1. Based on the Cα atoms of segment 168-318, what semi-axes does the equivalent ellipsoid have, where each is the square root of 5 times one gyration tensor eigenvalue, given in whole Å with the largest first?
2. With a cut-off of 8 Å between alpha carbons and a minimum separation of six or more residues, what is the relative contact order of segment 1-123 in percent?
3. State the Kirkwood hydrodynamic radius of the chain in Å, one decimal place, computed from all pairs of distinct Cα atoms.
4. As a check on your grasp of the helix formula, calculate [θ] at 222 nm for the chain: sum -39500 (n - 2.57) over DSSP H runs of n ≥ 4, divide by the residue count, round to the nearest 500.
5. Can you tell which of Ser300, Pro257, His236 lies farthest toward the positive end of the dipole of segment 219-314, using +1 and -1 charges on the Cβ of basic and acidic side chains (Lys, Arg; Asp, Glu)?
6. Can you tell me which of 98-110, 19-31 comes out highest on packing, and rank the rest after it, using the mean Cβ neighbours within 10 Å?
7. Rounded to a whole number, what % of the accessible area of segment 219-314 do carbon and sulfur atoms account for, probe 1.4 Å?
8. Could you give the Stokes-Einstein D for segment 19-147 in µm² per second, using the C-alpha Kirkwood radius, 25 °C, 0.890 mPa s?
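The values are calculated or read from the model by the stated rules, or taken from the named source; none is laboratory data. Quick caveat: nothing in here was measured; it's all calculated off a predicted structure. Reconstructed Cβ throughout: ideal geometry from the backbone, glycine too, with neighbour counts over all protein chains shown. These area figures cover heavy atoms from the full protein model, side chains too; ligands, DNA and RNA do not enter into them. Shrake-Rupley method; radii C 1.70, N 1.55, O 1.52, S 1.80 Å.
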Amino acid sequence: MQSALDPRGPVAADIATLWWVLLAGATLIYALTMGLLLYAVFRRHDRRIHLREGLLIVGGGLVFPTVTLIALLIYATDIGRRIVAGSDRPALQIEVTAHQWWWEVHYPGYEDDLPVTTANELYLPLDVPVEVTLRSDDVIHSFWIPALGGKLDAIPGRVSVLRFTAGEPGVYRGQCAEFCGAQHARMAFQVVAQSPLEFAGWRRARSLDAPSPPREGSPASNGRQAFIDHDCAECHRVRGAIAGSGEGDRLTGLRGPDLTHVAARSALGARTLPYSRENVARWIRHNQQLKPGNRMPDFSELPEETARSIADFLDTLQ
Ligand code: CUA
């Protein structure tokens, strides 16, 4: 679901109302202008109405636009102020970092909640205000969940904050909304709004380390070894399963998405492909065909069997 005209939260609803008001106003004024134009073209030339035309110019050309534009400005500014201020209730903090071409998503630890790092997905509790702290790692991107809120640019070297609330349970689509290179279109993410209880469960599950290493000699265990041998951990972290793959709770120094719970995600490559074991193997060997120019090298020289065993290993990371 990706439509700004089908709002599922208060901020998106405000923005949708503003859009309808502006559209209605613009349509009315356009109709009025066209009506006057037709009148001017087809009226009979009659010098006696000169005085009324003078009034028309002052009234229609000066007073009317001034009053209309001031009224719309006040209305739009008020909505803008409300959106920027957010709610007075405590907000869930989420740190989002835009990369060419994927989204790093980090929930900082808070009280009893451990930190969670994931990619290209946002889980949100219903009716809880959310504050997304947005950064960019490279170029200008723009974070946009049309059904839930406004769009905000991620500008290198700057920190911006976007506030919104999910008002209805559902699965929504978010998309980078600023051209950021060849794969700008394949920079999407999924947003899941669920009850606070379900959200707490999700958060707990994702904060855990990866499941214990697979049984020695199994395909997944061979895959884990191949993951290490082919330096996958240079760019990807699998917290708790691969020694030395990015300790600490941030991705600092790592270039690719955290894979600690990759098998629980619904898509690969910022929604380039649906998640499946087959698609993981395909992605490893042919990602430059699937998403040309992305930062991950193609491992096409890797035997298909090895790619499959790495996929077997990643598939254990629920
Ligand atoms: Cu990132 Cu467009």
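1. Here the semi-axes work out to 24, 21, 14 Å.
2. Across segment 1-123, relative contact order equals 13 percent.
3. Taking the inverse mean of 1/r over all distinct Cα pairs, the chain comes out at 22.5 Å.
4. -12000 deg cm²/dmol
5. It is Pro257, whose Cα lies furthest towards the positive end.
6. Ranked from most to least packed, the peptides come out as 98-110, 19-31.
7. Working: 2180 of 4440 Å².
Whole-percent figure for carbon plus sulfur exposure: 49.
8. 123
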